[in-house]
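Working notes for the structure below.
The values are calculated or read from the model by the stated rules, or taken from the named source; none is laboratory data. Given the structure is predicted, the values throughout are model-derived calculations rather than measurements. Neighbour counts are summed over all protein chains in view; Cβ atoms, including those assigned to glycine, are modelled from backbone coordinates with ideal geometry. Heads up: the accessible areas ignore ligands, DNA and RNA and are worked out on the full protein's heavy atoms, side chains in. Shrake-Rupley method; radii C 1.70, N 1.55, O 1.52, S 1.80 Å.
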Amino acid sequence: MPNTTRTLPADFAAAYRARMAELGFCEKPAAEWDGKAAGFNAKVRRPSAYADTFLSRMDIRPEDTVLDVGCGPGILALRLAPQVRRLYGLDYSPAMLQCLRENAEAAGCRNITPLLLSKEDDWRGRVPVCDSVIASRSGLDGDLAALFAKLSAHALRAVYFSMLVGGRFDYSPVSALLGRSRAPYPDYIYAVNILYQMGYDAEVSFITTPGRLADCTDLDDFLHRMHAAYHPLSPADLRRLTDFFHAEGHRFAQDEFAMKWALISWRTD
């Protein structure tokens, strides 16, 4: 249970809900994630400094049960399952869960149980209460306070939650170049203050990962990615992007283009 509710000058839960409504946020349909399952699945067996760092900061014990919310094809689940007694992978994308099943079978992980549910579904009687709950890079939600209450209710000991620092999923230098800058989602500090007002003492650390352009060293590949992200592109846009690639492409793997994640954890025991 959380500590007694604390007061800050602003109601951060309400401010967060209002901002997400203002941005027109809505959950992507499951079919959209189904279409991305193959691409995500290709990353499961690759080395992942993000996954290794995330798991290294958890309090995990061999007898534990863990709920992985938004598990996808199992990037964290497959690394974590051998360390615990039982892992439940929850996702609302059937294709992602099918990848998880196949990956678990191939890895010989017999202690992974897939759950086809969304964060918004009624979990009562369908999702077990576990020692720990993780929600890694799956935390965009219209109501963080409600989500945190739900995650906390299913965690006997702790919750581990990550969200992108800065709230921008686009290529911000490119967006500015094309005159298509997008308003960011609320930053992680909202989550910290919401938890504070709910009575939880959150711990915050950071994980920096290569940006989405880190492996992009070819102009044609770069323009293909930009077309997917910003279509339609005019001839003038293509010229700007070409000039940008020639000027900045050699730095895509550097920190300026990196992604920084806030790992926010709180005890529920």
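Magnitude of the Cβ-charge dipole of the stretch 193-269, K/R +1 and D/E -1, about the Cα centre, nearest 20 debye?
160 debye
Whole-Å semi-axes of the stretch 44-191's equivalent ellipsoid, largest first, each the root of 5 times a Cα gyration tensor eigenvalue?
Ellipsoid half-lengths, sorted descending, are 28, 18, 15 Å.
Match the structure shown to one of the listed values (1) 18.8, 60; (2) 22.5, 74; (3) 19.6, 59 of Rg and Dmax of the Cα atoms in Å, computed from it, and give that label.
(3)
Leaving ligands, DNA and RNA out of it, work out the accessible area of Glu203 with a 1.4 Å probe and give it in Å² to the nearest 10.
Glu203 has an accessible surface of roughly 130 Å² with all protein chains in place.
Would you mind putting 59-69, 74-84, 107-117 in packing order, based on average other-beta-carbon counts within 10 Å, highest first? If you can, show how the numbers build up before the last one.
Numbers: 59-69: 18.2, 74-84: 21.6, 107-117: 16.2.
By packing density, highest mean first, the sequence is 74-84, 59-69, 107-117.
For Asp170 and Val129, what is the calculated FRET efficiency with R₀ set at 41 Å and r taken between the beta-carbons, to the nearest 0.05?
0.65
Report the net charge of residues surrounding Ala51, where surrounding means a beta-carbon distance below 15 angstrom and charges are Lys +1, Arg +1, Asp -1, Glu -1.
+4
Heads up, I need the accessible area for Tyr188: 1.4 angstrom probe, whole protein in place, Å², nearest 10.
Accessible surface of Tyr188 is approximately 50 Å².
What dipole magnitude, in Debye to the nearest 20, does the stretch 56-107 give about its Cα centre under +1 on Lys/Arg Cβ and -1 on Asp/Glu Cβ?
Result for the stretch 56-107 is approximately 100 debye, rounded to the nearest 20.
Of His227, His250, His154, which has the most accessible area and how do the rest follow, probe 1.4 Å? Don't skip to the end; give the middle numbers.
Details: His227 95, His250 135, His154 25 Å².
Order by accessible area, largest first: His250, His227, His154.
Take the Cβ-Cβ distance between Arg239 and Cys26 as r, set R0 to 30 Å, and report the resulting FRET efficiency rounded to the nearest 0.05.
Efficiency, from the Cβ-Cβ distance: 0.30.
So with the 1.4 Å probe, I'd like the accessible area per residue for the chain, rounded to whole Å². All intermediate terms of the calculation are to be shown ahead of the outcome.
On the way: 13350 Å² over 269 residues.
Here the residues of the chain average 50 Å² of exposed surface.
Roughly to the nearest percent, how much of the accessible area of the chain is carbon and sulfur, given a 1.4 Å probe?
Of the solvent-accessible surface of the chain, carbon and sulfur hold 53 percent.
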